[in-house]
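Have a look at the structure below before the remarks.
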Amino acid sequence: MKLLTVFVFAFLAIGCASGQHTYTKDGTCLTCMNNPITGKPVNYDPAVDSPYSPRQKAAQERQATHSAGSIGFEVPYSVEHAYYVVQREFSFPTPLDDEFHRARVDPVDPDLRRSGKRNFDVPSKFRYAQGFRQHGDLYLVIGAKIQRVDHRTSKITLSYLSDDPSLEVWDISRSLRERVRSALEYYRCDSNINRDYDNRYRYSDPC
């Protein structure tokens with residue numbers, strides 16, 4: 001077995017040193033070899049040959065630097081009830097906080113980012129909240145958009161942004177959705193949830 005390995009290595013090193021490399025259809029060099037210890041080229045000249053196809057090199061240059069996602073779902077609650085439950089759950093900033101106004105300039109919600117007109121607060125019809133908050137053991141920029149469907153139904157769109165590109169978008173989006181659903185269930189019969197006293201949110205006991 002060792003003899004076969006040495007033979008193959010010698011064949012590749014000698015054959016490819018003369019420029020006779022083997023390539024795939026997309027241009028990947030199959031016979032270009034790097035030293036497994038140092039990582040340096042063994043049988044090709046990096047200035048002339050590359051072990052990667054143009055497509056692979058382009059993909060490496062476009063490697064993600066962040067993770068972002070969003071998820072939308074309907075809930076059987078009014079816009080105001082859903083909005084203040086979300087406010088409480090994530091401790092999102094209030095109108096008295098600077099962070100509240102910064103969210104209007106740079107929303108994480110993809111639709112709001114693309115929109116020229118940004119009406120963030122239309123009581124009973126449309127609400128938006130955003131903040132840099134903890135979710136489990138992660139820290140994310142989280143945005144919550146709440147839109148009226150009818151007098152007792154709202155659509156919530158949760159968006160997030162992270163500087164960790166390895167996060168699974170669906171897993172994070174789904175866990176945010178379940179967190180909000182649990183909070184809505186917890187405060188489903190709180191009649192004071194959407195009342196504002198002294199510009200600060202105050203709540204009665206949950207169900």
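The values are calculated or read from the model by the stated rules, or taken from the named source; none is laboratory data. These figures come from a predicted structure and were not determined experimentally. Note: ideal-geometry Cβ built from the backbone for every residue, glycine included; neighbour counts use all protein chains shown. These accessible areas exclude ligands, DNA and RNA; they are computed on the full protein's heavy atoms, side chains included. Shrake-Rupley method; radii C 1.70, N 1.55, O 1.52, S 1.80 Å.
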For the range 111-134, how many residues are over 20 Å from Val85 (Cβ atoms) and open to solvent by less than 50 Å² (accessible area, probe 1.4 Å)? 2
Can you tell me how many residues within the range 167-189 are more than 13 Å from Val86 (Cα to Cα), among the aliphatic types (A, V, I, L, M) and part of a helix (DSSP H, G or I)? 2
Condition test on Asp163, is it of a type in the set (Asp, Glu), loosely packed, with under 12 Cβ neighbours inside 10 Å and out of contact with any helix residue (DSSP H, G or I) (no Cβ under 7 Å at 6 or more places or on another chain)? yes
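Looking for whichever is more than 10 Å from the chain's Cα centre (by Cα), open to solvent by 40 Å² or more (accessible area, probe 1.4 Å), closer than 15 Å to Arg179 by Cβ and acidic (Asp, Glu) here; the options are Asp150, Asp137. Which one fits? If you could, list the steps in order and put the result at the bottom.
Working: Asp150 fails: closer than 15 Å to Arg179 by Cβ.
Going through Asp150, Asp137 in turn, just one is more than 10 Å from the chain's Cα centre (by Cα), open to solvent by 40 Å² or more (accessible area, probe 1.4 Å), closer than 15 Å to Arg179 by Cβ and acidic (Asp, Glu): Asp137.
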